[in-house]
Amino acid sequence: MAKNSEQHWIPLADLMTGLMMVFMLIAVLYMLKVSNAISGYTASKDELGRDLCAEFSKDLAKWDAECDSKNLSIRFKSPDVLFDTGKDVLKPQFAIILNDFFPRYIKILSQDKYKDKIEEIRIEGHTSSKWSVGVSGDDAYFLNMQLSQARTLSVLRYVLVNTNINNKDWTKNILTANGLSSSKLILNNDGTENQQASQRVEFKVGTNADEYMQEVLNNLGNIK
């Protein structure tokens with residue numbers, strides 16, 4: 001009787017071991033697919049950053065601008081070129097820069113290999129914390145918020161109306177104006193505010209990474 005019991009449990013143990021191996025294999029395949037999807041998405045983002053910076057590499061110095069390939073950002077840094085103090089009307093020199101910059105910018109972003117991964121193109125307006133003498137810190141923040149929002153709206157209106165771009169409908173659906181006042185100051189090495197550098201306009205690309213990864217996970221949920 002004991003011998004028959006042993007003969008019964010040995011195949012059952014083999015079955016459990018086999019099932020564990022199957023589950024482990026499924027888990028490994030799942031993780032490999034997720035890892036490959038993440039790697040592919042990251043590689044595409046890195047390529048976009050390189051393409052943007054390469055496209056404008058010969059123009060950045062004369063525009064007093066910089067390109068951040070990691071954060072997919074183009075920053076225009078010269079407040080004397082952008083707007084008059086306290087005003088939201090584009091200065092002629094900045095308009096000329098945008099005429100050159102924006103069509104090339106959209107041409108890159110709207111390529112088939114990138115456009116489905118882009119959720120938002122942000123025009124960000126930033127100010128220093130400074131306002132006129134006698135204005136409180138809170139009031140200066142709110143006044144600069146109003147000013148930065150008006151400036152980014154001016155930029156958005158200009159690039160959509162006055163520049164020659166392809167894929168205009170696509171661009172309008174994802175282009176946003178974001179005035180941020182002095183909420184993201186540029187600091188000196190000693191931690192003090194760099195008022196000159198803080199006054200800037202940035203174009204940033206926002207990707208749909210979270211949505212993409214959720215889609216990947218949903219698609220992998222039925223692995224057999």
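Any read-out appearing in this document is the output of simple, stated calculations on the displayed coordinates, not a laboratory observation. As the structure is a computational prediction, the values presented were derived from the model and not from experiment. Heads up, the Cβs are rebuilt from the backbone with ideal geometry, glycines too, and the neighbour counts pull from every protein chain shown.
Take the Cβ-Cβ distance between residue 172 and residue 99 as r, set R0 to 30 Å, and report the resulting FRET efficiency rounded to the nearest 0.05. It would help to have the intermediate numbers written out before the result.
Details: r = 18 Å, r/R0 = 0.61.
With a Förster radius of 30 Å, E is 0.95.
How high is the FRET efficiency from residue 143 to residue 188, r the C-beta distance, R0 22 Å, rounded to 0.05?
That gives a FRET efficiency of 0.40.
With Cβ to Cβ distances under 14 Å as the rule, what net charge do the other residues near residue 43 carry (K, R +1; D, E -1)? Let's see the in-between values first.
Details: positive: 45, 50, 70, 113, 117; negative: 46, 47, 51.
Here the charged neighbours net out to +2.
Expressed in nm to one decimal, what extension gain is obtained for the pair residue 25 and residue 133 from 0.36 nm per residue of sequence separation less their Cα-Cα distance?
Working: separation 108, 0.36 × 108 = 38.88 nm, distance 6.89 nm.
Stretched fully, the residue 25-residue 133 segment lengthens by 32.0 nm.
Step through the table entries 58/130; 45/172; 130/172; 70/91; 91/113; 107/184, compare each Cα-Cα distance with 27 Å, and write down the pairs that go over it.
Working: 58/130 33 Å; 45/172 22 Å; 130/172 33 Å; 70/91 29 Å; 91/113 35 Å; 107/184 29 Å.
As for pairs spanning more than 27 Å Cα to Cα, those are 58/130; 130/172; 70/91; 91/113; 107/184.
So what is the relative contact order for the range 47-213, in percent, with contacts set as C-alpha pairs under 8 Å and at least six apart?
On the way: 283 pairs, mean separation 52.7, N = 167.
Result for the range 47-213 is 32 percent.
Return P(r) of the range 75-224 (all Cα-Cα pairs; 5 Å bins starting at 0; whole %; ordered from short to long distances).
2, 9, 16, 18, 15, 13, 10, 7, 5, 3, 1, 1, 0, 0
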